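Take a look at the structure below.
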Amino acid sequence: MTQYLLSVYQPDGPVPAPEVLSAIGRDLDELNRDLRAAGAWVFNGGLFPATTATVLTPRDGDVLTTDGPFIEGKEHLGGFTIITAPDLDAALKWGRRLASATTLPIEVRPFRDRLPN
């Protein structure tokens, strides 16, 4: 089994209305229950907005600390799920469900030390 990172990319901007977030939360709860039941769930979590990030950058033998996201962009990493799946097709199936639940783009990527043969 290979581990995959399912990254949720969230647009910068206002938070959706409570009724929208409530429906997304219900869909995510159902997806996480299904992932656990299938033995595919490893870990998941949502992140605070990118404005809460601290970036550490090595420079000239030191490490600089700056507030905010690493780069300016129109979207940022909003959360993630780590799963195990027998192959990319299975991981993509879970990724599609996560995209449907969150209504956001999902990047599916295998962990380097767990690449399939």
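Could you give the nm distance between label points at Thr103 and Asp29, where each point is 7 Å from its Cα heading toward the beta carbon? If labels sit at Thr103 and Asp29, their model points lie 1.8 nm apart. Database remark: amide H of Ala53 closer than 5 angstrom to the amide H of Gly68 (H placed geometrically; neighbours at sequence offset of 5 or more, or on other chains; Pro and chain starts carry no H).
If we count other beta carbons within 10 Å of each Cβ, what is the order of Leu98, Leu77, fewest first?
Details: Leu98 24, Leu77 15.
Fewest to most other Cβ atoms nearby, the residues stand as Leu77, Leu98.
Modelled this way, with points 7 Å down the Cα-to-C-beta line, the labels at Lys93 and Arg112 are 3.0 nm from one another.
Report the GluC sites (Glu not before Pro) located in the stretch 31-107 that are in a DSSP loop and have at most 11 other Cβ atoms inside 10 Å of their Cβ, or state none.
Details: sites: Glu72, Glu75, Glu107; in loops: Glu72.
Qualifying residues, ordered by number: Glu72.
If only the Cβ of Lys and Arg carry +1 and only the Cβ of Asp and Glu carry -1, the dipole of the stretch 1-88 around its Cα centre is close to 200 debye.
Since every read-out is calculated from the coordinates, none of them should be taken as a lab result. Values in this document were obtained by computation on a predicted structure and should not be read as measured data. All Cβ positions, even for glycine, are placed from backbone atoms using ideal geometry, and neighbour counts span all protein chains on display.
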